[in-house]
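Read the structure below first, then the notes.
The values are calculated or read from the model by the stated rules, or taken from the named source; none is laboratory data. In this text, all values refer to a predicted model and were calculated from it rather than measured experimentally. Counting neighbours? That spans all protein chains shown, and the Cβs are built from the backbone with ideal geometry, glycine included. All accessible areas refer to the heavy atoms of the entire protein, side chains included, with ligands and DNA or RNA removed. Shrake-Rupley method; radii C 1.70, N 1.55, O 1.52, S 1.80 Å.
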Amino acid sequence: MSANLEKPGKVAFNPSPRDWLEPNAKGTPGRWSYSAKPKALQTLDLPNPREWSPDQVDWKLPDNWKEIILHGLKERLDKYRSLRLFMDACVRCGACADKCHFYIGTGDPKNMPVLRAELLRSVYRGEMTMAGRLLGLLVGGRRLTPEVLKEWFYYFYQCTECRRCSVFCPFGIDQAEITMLGRELLNLVGLNINWVLDPAAKCFMTGNHLGITPHAFKANMDFFVDSIEEVTGVRLDVPINKKGADVLFVAPSGDLVAEPGVYTLMGYLLMLHQSGLNYTWSTYASEGGNFGLFASQELMKRLNAKIYAEARRLGVKWILGGECGHMWRVVHQYMDTMNGPADFLQEPVSPITGTRFTNARSTRMVHVAEFTADLIHHGKLKLAPARNDRYRVTFHDSCNPARSMGLLEEPRYILKNVCSHFYEMPAETIREKTFCCGCGAGLGNEECMDLRMRGGIPRAQAVRSVREKHGVNLLSCMCAIDRAVLPTLMEYWVPEVGVAGLHELVGNALVLEGEKERTTNLRGEPLEGGEA
């Protein structure tokens, strides 16, 4: 589909002739998402399930929709001290304006983080402050009208909650939290998108976003075992629902079904096999990701509870998590207080190296990149980096592991040990300042393709720069959404560059005990120059 889109010309950043306080209640085609289906809302017990569409005039809101929204806002202002601070502290300095990939890609002023937040802040000011009620537009206050509510929907779903803007805010305002609370208010009256609630409903019913049943989960694992044996000559034993294992391994379900994520999962299996870790997968907690993050705090909490519940049922000591983005924002920033304390688990200690992961003392959950980097550091994995010599690799810091966890050095340490050719993108586009893929927070759908390709411009430009300078032909990342959507972005903007997960490259480089002479990598591509 991306190949059929017309390439955008020069993006215009001219000020709009309309006052920003005048609501834009009409969405731009290619920049809004389809509404959630009634069945998903019913499954999740969410309000106002019905058929509707954002391109219709009547959104079929409850009669008392305004009362519901304002009550919800007041309730959250009382509950979250940070929200009240974010409503009052912004001085509109504009430091965040040109840091947003969607503003860079669209030129729409209401995609400036500061102005997107003002859509909510202006209603707070107009409905809940004395100055706003008395002076209205003179102090930037607006009343909540159907047009304002529609504008909320269009623009809060043009934000990937990547938090890049927050890195540059001198007051530390977390614009993603404002978007999250805006979406939460929209959910109170049934304004939500299908790309968020359909996966969430499936996760609620089957334990993963894709609705993969236990027998299908097992069948997929058997397929991967067969594929790995074909490449390496080694038959792996993959434990599933094993009680008494030391570690529960949880990964994003996207890696079970779609390229290039499937090769990342094969890399997990090879690393876990070679390390000798006593671990297990689960068909119940078969999803690390959490689309509840993109809808409401309560839904996030409900979906995440399965991981701790399954860890308790299986009697493991701690949890190891795979390469995902929003999974790790939930785990690192919310899980301990939402679903914890995890005091029935132990502080994670690697049984192979003896390393104590003190950073996971609270959540009892370790990122797979930390675990693998530790194995390499202690010489527990035999590696042949020349097996990845067909690739000249750069690394995309996925937003949530980078900005929400500070997981910056471990993936680079791994890449430098499993690849011979690694090159960094420009400094202002990586690490804490990394640009988003443009498709997270539920926007990785086809109806938003124009927004996605425009929002991905900054990342694509950075990739193109290392393509031209170093001949880079592979973009590595450690997020399931990135692995799903970056191939389309690269095909559109930098077609010479492919996409791979971190552990796919680990799997290629791993030298297994008893393996046959390798002639291909995990994708079945010939090793450059044969076995190294």
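Here is how the numbers come out for the structure above:
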{"read-out": "Those residues of region 267-308 which are in a loop (DSSP other than H, G, I, E, B) and either under 23 Å from Phe357 (Cα atoms) or of a type in the set (Ser, Thr, Tyr) (or both), in sequence order", "value": "Gly276, Leu277, Asn278, Ser282, Thr283, Tyr284, Ala285, Ser286, Glu287, Gly288, Gly289, Ser296"}
{"read-out": "Options Gly211, Gly244, Gly267; residue that is open to solvent by 40 Å² or more (accessible area, probe 1.4 Å), assigned by TED's automatic domain parsing to the domain that holds Arg302, out of contact with any Ser or Thr (no Cβ under 6 Å at 6 or more places or on another chain) and not aromatic (Phe, Trp, Tyr)", "value": "Gly244"}
{"read-out": "Residues (farther than 22 Å from Cys159 by Cα and at pLDDT 95 or above) located in region 7-39", "value": "Pro38, Lys39"}
{"read-out": "Per-region count, region 49-95, residues closer than 27 Å to Met112 by Cβ and open to solvent by 70 Å² or more (accessible area, probe 1.4 Å)", "value": "10"}
{"read-out": "Of the criteria (1) out of contact with any Lys or Arg (no Cβ under 8 Å at 6 or more places or on another chain); (2) open to solvent by 10 Å² or more (accessible area, probe 1.4 Å), which one Thr283 fails", "value": "(1)"}
{"read-out": "Matching option when the condition is closer than 19 Å to Leu186 by Cα and open to solvent by less than 60 Å² (accessible area, probe 1.4 Å), among Leu21, Leu46", "value": "Leu46"}
{"read-out": "Single unsatisfied condition, Phe168 versus (1) over 22 Å from Ile68 (Cβ atoms); (2) at pLDDT below 95", "value": "(2)"}
{"read-out": "Lone unmet requirement of (1) open to solvent by 10 Å² or more (accessible area, probe 1.4 Å); (2) of a type in the set (Phe, Trp, Tyr); (3) under 19 Å from the mean Cα position of the chain (by Cα) for Tyr124", "value": "(3)"}
{"read-out": "Count - residues of region 393-423 that are under 26 Å from Thr160 (Cβ atoms) and not aliphatic (A, V, I, L, M)", "value": "16"}
{"read-out": "From the options Arg142, Arg133, Arg116, residue that is open to solvent by 30 Å² or more (accessible area, probe 1.4 Å) and in contact with a helix residue (DSSP H, G or I) (Cβ under 9 Å, 6 or more places away or on another chain)", "value": "Arg133"}
{"read-out": "Qualifying residue in region 285-298 (condition: more than 22 Å from Ala480 (Cα to Cα) and charged (D, E, K, R))", "value": "yes"}
{"read-out": "Subset tally (residues that are aromatic (Phe, Trp, Tyr) and touching a helix residue (DSSP H, G or I) at 6+ places or on another chain (Cβ under 6 Å)) for region 161-202", "value": "2"}
{"read-out": "One residue from Arg133, Arg92 being outside any helix (DSSP H, G or I) and at pLDDT below 95", "value": "Arg92"}
{"read-out": "Test: residue in region 12-23 that is of a type in the set (D, E, K, R) and in contact (Cβ under 8 Å) with a residue 60 or more places away in the chain", "value": "no"}
{"read-out": "Test: residue in region 96-104 that is under 22 Å from the mean Cα position of the chain (by Cα), in contact (Cβ under 8 Å) with a residue 40 or more places away in the chain and open to solvent by 20 Å² or more (accessible area, probe 1.4 Å)", "value": "yes"}
{"read-out": "Residues that are acidic (Asp, Glu) and assigned to a loop (DSSP other than H, G, I, E, B), drawn from region 335-357", "value": "Asp343, Glu347"}
{"read-out": "Residue within region 167-178 that is in contact (Cβ under 8 Å) with a residue 24 or more places away in the chain, surrounded by fewer than 22 Cβ atoms within 10 Å (Cβ to Cβ) and either at positive phi or basic (Lys, Arg) (or both) present", "value": "no"}
{"read-out": "Scan of region 29-68 for residues that are within 25 Å of Asn445 (Cβ to Cβ) and in a helix (DSSP H, G or I), ordered by number", "value": "Pro38, Lys39, Ala40, Leu41, Gln42, Thr43"}
{"read-out": "Boolean, Arg364 is in contact with a strand residue (DSSP E or B) (Cβ under 9 Å, 6 or more places away or on another chain), without any contact (Cβ under 8 Å) to a residue 60 or more places away in the chain and more than 21 Å from Ala480 (Cβ to Cβ)", "value": "yes"}
{"read-out": "Unique residue being on the phi > 0 side of the Ramachandran plot, in contact with a Gly (Cβ under 7 Å, 6 or more places away or on another chain) and in the same structural domain as Val499 (by TED's automatic domain parsing) when the list is Gly379, Gly438", "value": "Gly438"}
{"read-out": "Residue tally, condition part of a helix (DSSP H, G or I) and open to solvent by less than 10 Å² (accessible area, probe 1.4 Å), over region 309-325", "value": "3"}
{"read-out": "Failed criterion for Gly292 (all others in (1) closer than 26 Å to Asn508 by Cβ; (2) crowded, with 24+ Cβ neighbours inside 10 Å; (3) not aliphatic (A, V, I, L, M) hold)", "value": "(1)"}
{"read-out": "Helices (runs of 4 or more DSSP H) contained entirely in region 161-214, each with at least 2 residues that are over 15 Å from Leu46 (Cα atoms) and small (Gly, Ala, Ser)", "value": "175-187"}
